[in-house]
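Since the structure comes first, as structure tokens, the remarks are kept for the end.
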Amino acid sequence: MKPKTKPGKGKVTNQIRRIRLARSELTQAELAEKVGATRQTIIAIEAGKYAPSMELAFRIVQEFGVSFEDVFQFTQDK
């Protein structure tokens with residue numbers, strides 16, 4: 001039986017800024033209002049300094065009308 005190994009840490013990245021700007025110049029404040037977050041939260045998520053809760057991530061994805069993977073990516077460290 002193989003010993004269990006702990007997964008390495010990972011990093012959540014996103015395409016929020018790219019998608020937001022491609023959608024008729026939607027501002028960070030406008031996106032924040034539509035998804036029930038603050039502008040500062042959207043700024044931190046776009047900068048990769050904060051990973052959103054699952055609920056907020058789904059709200060963002062639904063607002064953009066794209067798949068989850070189009071917005072958020074997860075890369076696991078080895």
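Observations on the model:
- Contact map, the stretch 49-78: residues that are free of Cβ contacts under 8 Å to residues at least 24 places away in the same chain paired with residues that are of a type in the set (D, E, K, R) and outside any loop (DSSP other than H, G, I, E, B), Cβ distance under 8 Å, separation 6+ or inter-chain. Pairs shown: Val61/Asp70.
- Annotation: Ser67 fulfils all but one of (1) modelled with pLDDT under 95; (2) closer than 30 Å to Pro7 by Cα; (3) among the polar types (S, T, N, Q); the unmet one is (1).
The values are calculated or read from the model by the stated rules, or taken from the named source; none is laboratory data. As the structure is a prediction and not an experimental result, all values here were calculated from the model. So basically every Cβ, Gly included, is an ideal-geometry build from the backbone, and we count neighbours across all protein chains shown.
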